[in-house]
Amino acid sequence: MLEYLLYQYRSVANPADFVTRSMNHDEHPEIRRARLALAEVNQRIQEYEAEKQRLTKDSKKAGVKGLRAKNMLAQLNAGPLWAKLQAALITAEAAVRIATKKYGGKTFKKSGGGTGRAMGSSEGSIWWLNRDLKEKKEKYGKAKK
């Protein structure tokens, strides 16, 4: 059935392009930069959540250690982990915005000459980058006053 459809629509869907498209890893540098910035945000979130979990576990202890952990847990959103997370989120937001403006489904010029398709954006990576950033900003963004 698939062979018939590829034969029938060979002018629109080239079978060779159909097969090699998923193997092609050409991704525009701006999209790659945005993906790496979001990876940095994920790393900062993991560090923040690990510290929060450790302090939550320690706050259930009795005595001075428990009270100290409760105090540190209350101050966690004003500490250096939170500041690093916010800085990474701002950097990722800028990188995703740049990638969205410039290469949202467009072609780009390869460094070796010629043009290449922005494969990452054609597969929806721009959409996923924006969605991932939106979810992270909703959960870890600045608190509304």
Inset, instruction - Beta carbons within 10 angstrom, averaged per residue: use that to sort the peptides 78-91, 31-44, highest first. - result: 31-44, 78-91
Inset, instruction - Past 23 Å, Cα to Cα, is the threshold; run LYS52/LYS136; LYS52/LYS84; LYS61/LYS136; LYS84/LYS136 against it and keep the listed order. - result: LYS61/LYS136
Inset, instruction - State the extension gain, in nm to one decimal, for the chain segment bounded by LYS60 and GLU135, taking 0.36 nm per residue of separation less the distance between their alpha-carbons. - result: 24.0 nm
Legend entry - Segment ALA39-ALA13, length gained on full extension (0.36 nm per residue, minus Cα span): 6.0 nm
Inset, instruction - Would you please give the FRET efficiency between LYS142 and LYS102, computed as 1/(1 + (r/R0)^6) with r the Cβ-Cβ distance and R0 = 22 Å, to the nearest 0.05? - result: 0.25
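Taken together, the values in this text are just the output of simple stated rules run on the coordinates, not laboratory data. From a predicted model like this one, the values you see are computed outputs, not experimental measurements. Positions of Cβ are generated from backbone atoms using ideal geometry, with glycine treated the same way; all protein chains shown enter the neighbour counts.
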